[in-house]
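Engineer: Sharing a structure here in structure tokens format.
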């Protein structure tokens, strides 16, 4: 359907009133809360505690837990949890377990002082990251299974809104609490950070209560899974194995091999282009993001200034961008919106080059953060909708986990060297480099969606 009038645009925004779409708001909050607590906000804490930039850059590899979540996603996709699955259903059971572990690990993280026991801080941060990645696996499967394809753009945007609100809490909220309890901005104290992280552990109650309240989505398509396991059993039968071992091998094939084989079979040679696009699409933002908080500290911005401008105002701009991205996806198609998001994401990184030459300039910070976060919101909504369109509902958790893992692996690996690069070449060269590495993405978007660029309303394959 083409929207050619203001009324058409208004109709496009009405999709956000759908109950399933609204339900993604608190669940997105639950997903977004842990991320910065072990990445961006933690880097601010570490820098204030006197940890050097190179170490902070290397510790960003904690985020690789999100990049390897495809390894255990088949378990989340197929394995039932004792008692919890019977009471809540498969998706909600895994959501609840991961949310409880996140809350406990955040309490442990709050109790450690990186200035004295950095190793313990890393251990608890890893526990938060792994539990958070597990929550993402279950939540992505829930989102894909809970709504029809036509709602996925709005589901992604609403998820992003909740996610970004959580990022305000996990960044600005933490900084405000720490600043309010900090007796001096010139000296480091652990107690303010401990109180702030304990408050974040309590905020996980939002996710826990929502998981208990929402309905389990309908069962995913199982016919393909059953057929694959049956074929696997028939093939394994020729090996004359123990019946229990044969069943286990057939289950492992259906859980771990069949989802990846299904993707390759459906897309053929085009699968390589799609995987390359997924691997590189967010590289500019991910690599740049690791050094953004150390950059603010080194430019002389206070915790209150960073909290207000970057962590509140900037995140609100991301929410606006996400909503706009959802509407653009419905109006002009996923691939065109992906292309626009890629252009904006790379271009706005150059604003940080400009900002690095201005020193302590709050007005410049507002302008730079606004443009950067608006473009990030547009790109994120389109990208989530694109990844959702690629999944087969029979393997939603495993395939989406594979896609989102590929999205993070290379960017997170490169980001680990960001601190050393800044030490060697400075912030201006670093931000310029993050913009340049986003350029190949434009070609990949065009290659992946050549047919869809010819159809301005194409938005991916339909699913029942």
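The values are calculated or read from the model by the stated rules, or taken from the named source; none is laboratory data. This one's a predicted model, so the numbers in the text were calculated from it and none came from an experiment. Ideal geometry is used to build each Cβ from the backbone, glycine not excepted, and the neighbour counts take in all protein chains shown.
Engineer: Six or more apart or on different chains, Cβ under 8 Å: which pairs go from a residue in segment 180-191 that's farther than 22 Å from residue 117 by Cβ to one that's assigned to a helix (DSSP H, G or I)? Could you list them?
Structural biologist: Filtered contacts from segment 180-191: 180/192; 185/179; 185/303.
Engineer: Condition (residue is surrounded by 16 or more Cβ atoms within 10 Å (Cβ to Cβ), in contact with a helix residue (DSSP H, G or I) (Cβ under 6 Å, 6 or more places away or on another chain) and either at pLDDT below 80 or not in a helix (DSSP H, G or I) (or both)) applied to segment 294-303: is it met by at least one residue?
Structural biologist: Scanning segment 294-303, I find at least one residue that is surrounded by 16 or more Cβ atoms within 10 Å (Cβ to Cβ), in contact with a helix residue (DSSP H, G or I) (Cβ under 6 Å, 6 or more places away or on another chain) and either at pLDDT below 80 or not in a helix (DSSP H, G or I) (or both), so the answer is yes.
Engineer: Name the one entry in 109, 95 that is under 17 Å from the mean Cα position of the chain (by Cα), buried (at least 17 other Cβ atoms within 10 Å of the Cβ) and either touching a residue at least 24 places away in the same chain (Cβ under 8 Å) or part of a helix (DSSP H, G or I) (or both). Steps first, answer last, please.
Structural biologist: On the way: 109 fails: under 17 Å from the mean Cα position of the chain (by Cα).
Being under 17 Å from the mean Cα position of the chain (by Cα), buried (at least 17 other Cβ atoms within 10 Å of the Cβ) and either touching a residue at least 24 places away in the same chain (Cβ under 8 Å) or part of a helix (DSSP H, G or I) (or both) holds for just one of 109, 95, which is 95.
Engineer: So is residue 129 assigned to a helix (DSSP H, G or I) and farther than 25 Å from residue 53 by Cβ or not? Lay out the reasoning, then the answer.
Structural biologist: On the way: assigned to a helix (DSSP H, G or I): yes; farther than 25 Å from residue 53 by Cβ: no.
Answer is no for this residue.
Okay, residues lined up against (1) farther than 25 Å from residue 409 by Cβ; (2) in a helix (DSSP H, G or I); (3) touching a helix residue (DSSP H, G or I) at 6+ places or on another chain (Cβ under 8 Å):
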| site | (1), (2), (3) |
| --- | --- |
| 25 | yes, yes, yes |
| 28 | no, yes, yes |
| 31 | no, yes, yes |
| 35 | no, yes, yes |
| 42 | no, yes, yes |
| 50 | yes, no, no |
| 55 | no, yes, yes |
| 61 | no, yes, yes |
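Engineer: Of all residues in segment 336-393, which are free of Cβ contacts under 8 Å to residues at least 24 places away in the same chain and out of contact with any helix residue (DSSP H, G or I) (no Cβ under 9 Å at 6 or more places or on another chain)?
Structural biologist: Answer for segment 336-393, where residues must be free of Cβ contacts under 8 Å to residues at least 24 places away in the same chain and out of contact with any helix residue (DSSP H, G or I) (no Cβ under 9 Å at 6 or more places or on another chain): just 363.
Engineer: Looking at segment 184-194, can you tell me whether even one residue there is crowded, with 24+ Cβ neighbours inside 10 Å and closer than 23 Å to residue 120 by Cα?
Structural biologist: In the first step, residues of segment 184-194 are kept if they are crowded, with 24+ Cβ neighbours inside 10 Å; the result is 193.
Within this subset, residues satisfying the condition of being closer than 23 Å to residue 120 by Cα are 193.
The answer is yes; a qualifying residue exists.
Engineer: Is it the case that residue 397 is at pLDDT 90 or above and more than 19 Å from residue 59 (Cα to Cα)?
Structural biologist: Values: at pLDDT 90 or above: no; more than 19 Å from residue 59 (Cα to Cα): yes.
Against the criterion (at pLDDT 90 or above and more than 19 Å from residue 59 (Cα to Cα)), residue 397 does not qualify.
Engineer: Let me ask another. Within segment 317-327, is even one residue closer than 17 Å to residue 445 by Cβ and in a helix (DSSP H, G or I)?
Structural biologist: Of all residues in segment 317-327, those closer than 17 Å to residue 445 by Cβ come to 325.
Within this subset, residues satisfying the condition of being in a helix (DSSP H, G or I) are 325.
Yes, segment 317-327 contains at least one residue that is closer than 17 Å to residue 445 by Cβ and in a helix (DSSP H, G or I).
Engineer: Let me ask another. Take the conditions assigned to a helix (DSSP H, G or I) and surrounded by 19 or more Cβ atoms within 10 Å (Cβ to Cβ) and apply them to residue 70. Does it pass?
Structural biologist: When the stated conditions are applied, residue 70 passes them.
Engineer: If residue 359 meets every condition in (1) under 25 Å from residue 48 (Cα atoms); (2) in a helix (DSSP H, G or I); (3) modelled with pLDDT under 85 apart from one, which number is that one?
Structural biologist: So the condition that residue 359 fails would be (2).
Engineer: Okay, next question. Give segment 411-432 a look and list any residue that's in a helix (DSSP H, G or I), touching a residue at least 40 places away in the same chain (Cβ under 8 Å) and surrounded by fewer than 19 Cβ atoms within 10 Å (Cβ to Cβ), or say none.
Structural biologist: 413, 414, 420, 423, 428, 432
Engineer: Just to be sure, is residue 213 within 24 Å of residue 104 (Cβ to Cβ), surrounded by fewer than 19 Cβ atoms within 10 Å (Cβ to Cβ) and at pLDDT 90 or above? Before the answer, list the steps.
Structural biologist: Working: within 24 Å of residue 104 (Cβ to Cβ): yes; surrounded by fewer than 19 Cβ atoms within 10 Å (Cβ to Cβ): yes; at pLDDT 90 or above: no.
Considered against the rule, which asks whether it is within 24 Å of residue 104 (Cβ to Cβ), surrounded by fewer than 19 Cβ atoms within 10 Å (Cβ to Cβ) and at pLDDT 90 or above, residue 213 comes out as no.
Engineer: Separate question: Of the residues 327, 312, which single one is under 23 Å from the mean Cα position of the chain (by Cα) and either modelled with pLDDT of 85 or more or under 23 Å from residue 36 (Cβ atoms) (or both)? Give the steps one after another, and end with the answer.
Structural biologist: Details: 327 fails: either modelled with pLDDT of 85 or more or under 23 Å from residue 36 (Cβ atoms) (or both).
The conditions single out 312.
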